[in-house]
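The values are calculated or read from the model by the stated rules, or taken from the named source; none is laboratory data. Because the structure is a prediction, the values reported are computed rather than measured. Virtual Cβ from ideal backbone geometry, glycine too; neighbours counted across all protein chains shown. Please note that ligands, DNA and RNA were not included when accessible areas were found on the heavy atoms of the full protein model with its side chains. Shrake-Rupley method; radii C 1.70, N 1.55, O 1.52, S 1.80 Å.
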Amino acid sequence: MMKVVIVGGVAGGAGTAARLRRNDEQAEIIMLERGSYISYANCGLPYYIGGVITEKEALQLQTPESFGTRFHVDVRTMSEVAAVDTARKCVVVKHGGETYEESYDKLVLSPGAGPVRPGIPGMEKNHVFTLRNIPDTYAIHDYVTEHNPVSCAVIGAGFIGLEMAENLAEQGLKVSVVEGASHVMPPIDMDMAHGVHNYIRSKGIDLYLGQTCTAMDGSGVILKNGAKVPADMVIMSIGVRPDTGFLKDSGIELGARGEIIVNTYMETSAADVYALGDAVSVEHVVSGQKVLIPLASPANKQGRIVGDNLCGKKTAYKGSQGTSVMKFFDMTVAVTGEKEESLKAQGRPYRKAITTSASQAGYYPGGDMMTIKTLFDPETAVILGAQIVGGKGVDKRIDDLANAVRFKLTGYDLQEMELAYAPPFSSAKDPVNMAGYVIGNIMDGLMRPFYLEDLDQIPEDAIRLDVRTEGEYAGGTIPGFINIPLDSLRDRMGELDLSKDIYITCQIGLRGYIAQRILDQAGARTWNMSGGYRFYEMKVRDEQSQAAGMGLCTACGMEKAALWK
Ligand code: FAD
C-alpha cells in the first residue's frame, strides 16, 4: 500500500488528494495543512469582505471532516511541515507544542505562495493587512465592521489589490490605490491600462501611480514623493512569493525566488517528491521560459496530473499562459498569453491589432464596448497574447483567445471560428472574428496600421486626416488632424494631395479602414490608427489626471470617465 503525504490542503493539495483517491482506493493519504481550514475559496475571499458573499460557510468548499470522509484522507490541520528529509523519506511536522516525523513513500508539495509584506517604517502604528486565507479575511472584515475606518490605502494594484479596492469602496470607505509601476495590473500593457485608470478614478478612488509607500503612521501612508495618503487601514497586496522556507535544507532544487523546480511531470529534483501550484515555476506556453503564474486553474490542473502520476501514469503538464479575468465594479479586465511589454523584453518579433467591439448586437439594449488588443507573430499570424478591457462579454471572448494562444491558432483561424450568436450575446461577426479579420487585413497588406506611440513620429509633411463626422470632430480630435467625414471622402478627395503620406483616424479604426481602402485604391499611401480616437482619448484623459496631481481626477466625472462603455 502506497503512503502519500501531501503538504498544503487547498487548491493543489486537496485536488491531488481527491484525484489520487479516485485512482487508488488503497493508498494511505495524509494531508498536512498549517492552517485550520482546507479546500477553501481563496478567489472568493475579497467578496466576503465586500458583503457580496454573506455566509461564512460559503467560503469553505469542504471541511476537514467532510473531505476526510468523502475521500478517506487523514486530514491534519494546524499541522505545519517544518522540514523535509528526502534521504530518510520523512517530513517533520509541528502540531500544537509537539513535533513528530511522518514517513512517506511519495511526497506532494503544494504550499502555495504567501503575500510579500516588507518592513515599512511606522507600519506598527497603522492597521496593516494582507489577504491570503480565511483568517486574514475575517481579520479585515471584523476590523471594518467593528472600527468603522473611514479610509483605506491599498498598496499594490494587481488583481487582489483592485478587487480589495472595489470591495472596500463598496463598504463605504474612501479608498486610495498606490502602485509602484507606471500602470495598474502587471499582466496588461500601458496602452490598455489608461482606460482602467480612468475608470478607477471615476469610482472616487484616488490612484497614485509610480509611487511606493516609504513610511506609515496612524493616519496614513507616506509616498516616495512625500505626499501623505489618508488611511485608517492599509491592505498590502504587492505580490506573492513561494512559501517554501521549510524546504531550505531539504536538497530539493529551488529557484532564485524560492520556487520549486519541477519537470513536466511535476517531479522535483528529489526522488518520489512532486510539487505543484503557486510554489512551482512552469514553462510559459508562448515564450517557453520558466515563469511563476500563481493562479487557481493551473494549480487545479496540476493536482489532477500529480494524482495520476503518483499512480504510475506519465502525464505532462504542458505549461501555463496566465489566462485571468477580473471584475472591477462594472468593468472586466482579462488577459491571456504574452503582453507587448514582455514580447519586447524578450526581443520576440510581433505585430498587434487594437479592435473595439460591442458585447452584443448594436440594436439590442444594454451592451458594453470592449477594447481588444491582440498580439500575433508577424510571419505566421499565430496569436501570442490578448488583453481585453470592457464590460459584459469580456469573459467569453478571452476564453476564445486563450484557446487560440494555447493551440497556436492564427488570426485567420479567428476568422473561421463559429461562435454562438444571438442579439443579447453577440453580433453575427463576433468581436473575436473581428479581431481575426483585422489581423488578416494587416497580414495581407490591406490595412497598414499605426499606433498611439507613432503619433509623435508622423512626418511633418504628411496629411493627418480624421474621417469622423463634423459633430464628432468638433467634440475633440488629435492635434493637427483635419476633418473630411468618411461619407464625403470620395467627393472631396481633390482636397488631398495624394502624393503625400496620409495618416487616418476615426473613432475606433473601422471608418478609418474604409477611408484607407478608398484612398489606397486612388493611388495614395495611407496608415490607419489602430484603436482610433477613442483609444487616444483614454490616454490623454489618464495623463491629464496624473498631471493634475496624481490622485483623483476631479475633471473627469462619471459620465466622461465611463468612456469605455
Ligand atoms: P494555496 O491554495 O495557497 O494552498 C497552500 C496551502 O498550503 C495553504 O493553506 C498553506 O497554509 C499551506 N501550507 C503552506 N506551507 C505549509 C507547510 N509548511 N506545512 C503545512 N501547510 C502549509 N486565482 C485565480 O485563478 N483566480 C482568482 O480570481 C483568484 N483570486 C484570488 C484571490 C485571493 C485573495 C487569493 C489569495 C488568491 C487568488 N487566486 C486566484 C490564486 C489562487 O487562489 C491560487 O493560485 C491557488 O490557491 C494556488 O493553490 P496552491 O495549492 O498552490 O496554494
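Put 69, 323, 137 in order of accessible area, highest first, and with a 1.4 Å probe you get 69, 323, 137.
Need one number: the % of Cα-Cα pairs in region 267-356 sitting beyond the 17 Å mark. The answer is 60 percent, as a whole percent. For region 227-236, backbone phi angles converted through the Karplus equation (6.51, -1.76, 1.60; θ = phi - 60°) give residue-by-residue couplings of 5, 10, 9, x, 7, 7, 8, 9, 9, 9 Hz, Gly and Pro being listed as x. Whole-Hz Karplus values for region 251-265 come out as x, 6, 5, 10, x, 4, 9, x, 6, 7, 8, 10, 8, 5, 8 Hz, taken residue by residue from phi with 6.51 cos²θ - 1.76 cosθ + 1.60 and θ = phi - 60°; glycine and proline positions read x.
Sorting the segments 505-514, 9-18 by their residues' average number of neighbouring beta-carbon atoms within 10 angstrom, most packed first, yields 9-18, 505-514.
Take the chain with all the other protein chains still there, run a 1.4 Å probe, and you get 41 Å² of accessible area per residue. Distance between the 7 Å Cα→Cβ label points at residue 444 and residue 265: 4.8 nm.
Scoring 404-414, 473-483 by mean Cβ neighbours within 10 Å over their residues and listing the highest first yields 404-414, 473-483. Legend: residue pairs 352/408; 352/373; 106/314; 3/94, Cα-Cα distance threshold 18 Å; pairs beyond threshold, 3/94.
Against the chain, whose longest principal axis comes from its Cα atoms, helix 159-170 is set at around 80 degrees.
Extension gain, residue 345 to residue 460, is 38.4 nm, computed as 0.36 nm per intervening residue step minus the present C-alpha separation. Label-to-label distance for residue 55 and residue 301 is 3.1 nm, based on points extended 7 Å past Cα in the beta-carbon direction. Evaluate E = 1/(1 + (r/R0)^6) for residue 482 and residue 290, where r is the Cβ-Cβ distance and R0 equals 41 Å; express this FRET efficiency to the nearest 0.05. E between residue 482 and residue 290, to the nearest 0.05, is 0.20.
For the peptides 43-54, 370-381, the ranking by packing is 370-381, 43-54, with the highest mean count of neighbouring Cβ atoms within 10 Å listed first. Relative to the dominant Cα principal axis of the chain, helix 431-443 is inclined by about 60°. Based on DSSP, what percent of beta bridges with both residues in the chain are antiparallel, to the nearest 5? In the chain, DSSP labels about 55 percent of beta bridges as antiparallel.
Net charge in the neighbourhood of residue 15 (other residues with Cβ under 14 Å of its Cβ; Lys, Arg +1, Asp, Glu -1) is +3. In plain terms, the chain from residue 142 to residue 95 could stretch by 14.2 nm, reckoned as 0.36 nm per residue minus the Cα-Cα distance. Considering the chain at the alpha-carbon level, its Rg and Dmax are found to be 26.4, 89 Å. Overall, the accessible surface of the chain at a probe of 1.4 angstrom is composed of carbon and sulfur to the extent of 51 percent. Relative to the longest principal axis of the Cα atoms of the chain, helix 134-147 runs at roughly 70 degrees.
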